[in-house]
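Here is the structure we will look at.
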Amino acid sequence: SATLAALEPPPAADAAAAVIVVVAGLPGSGAADAADALAAATRDRARWLTTGVDQREWIGDDGACDSAALGVALRAALDGGGAAADGLPARLLVPYEGHSPLVSALAAVHRAAAALRLRVGAAVCVVDAARAAEAGGRCAAGTLEQLTAGFCQAVVLSRADAAPPTAVAALASLIGAANPTADVIRAAGAPRAAAAQLTPLLALGSGEPLAF
């Protein structure tokens, strides 16, 4: 099996130009759809490289994350991305839907990125408001565990129009308390409807702003 130590970093110029964006959520949250919509909405400003990896290859049923397997997929995406003839910056899109806490998945992403000398630019968590909001505004099991403070820049509440407004407000308040640094975006309908709202948020990077 692959190890992080065995990963060969890409050329320095390629590594400096590529930034990783993570779009995560619980099963059924629509995170994969949101990731696809984000890439489509910004294709004139960024050259998106999908990892081409089945998330089951790097996130186990028990939630354990294999950073080496992810690193192999990221390197393959870089190698297969082709030349940036259009001059657009490369973005490596890592979507996943699972029960692994966001902090655990991001730790694996950061380890893989460090081995390849890449940067993690932003992380977004998608929450299906209609499924997550319960009586009294309580969160469905696993929701808050996905939202450890400081580990994502935005939380998308999809299908916010399909839940009672008071329940959505209570859910947004809980999420805001769990991660006060993230922007909470309420989207009507499917999560892909929030792509336009996510665009400026994903221009934020770790440290310096990232230019699309």
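Please treat every number below as a calculation from the coordinates, not as lab data. From a predicted model like this one, the values you see are computed outputs, not experimental measurements. Here the Cβ is made from the backbone with ideal geometry for all residues, glycine too, and neighbour counts use every protein chain on show.
Measure off 7 Å from each Cα along the Cα-to-Cβ vector at Arg43 and Ala130, then give the distance between these two points in nanometres to one decimal.
2.7
Hey, can you grab everything whose amide H is under 5 Å from the amide H of Gly189? Only 5+ residues off in sequence or another chain; H modelled, so Pro and N-termini drop out.
Arg159, Ala160, Asp161, Ala162
Rounded to the nearest 0.05, what FRET efficiency do Thr181 and Glu8 have when you use their Cβ-Cβ distance and R0 = 41 Å? It would help to have the intermediate numbers written out before the result.
Details: r = 35 Å, r/R0 = 0.85.
That gives a FRET efficiency of 0.75.
Mind giving me the nanometre distance, one decimal, between the label points for Ala162 and Glu57, set 7 Å out from Cα along Cα→Cβ?
Computed distance between label sites Ala162 and Glu57 equals 3.1 nm.
Grab the Cα-Cα distance for Ala114 and Ala169, subtract it from 0.36 nm times how many residues apart they are, and report the gain in nm with one decimal.
Working: separation 55, 0.36 × 55 = 19.80 nm, distance 3.80 nm.
Full-extension gain reported as 16.0 nm.
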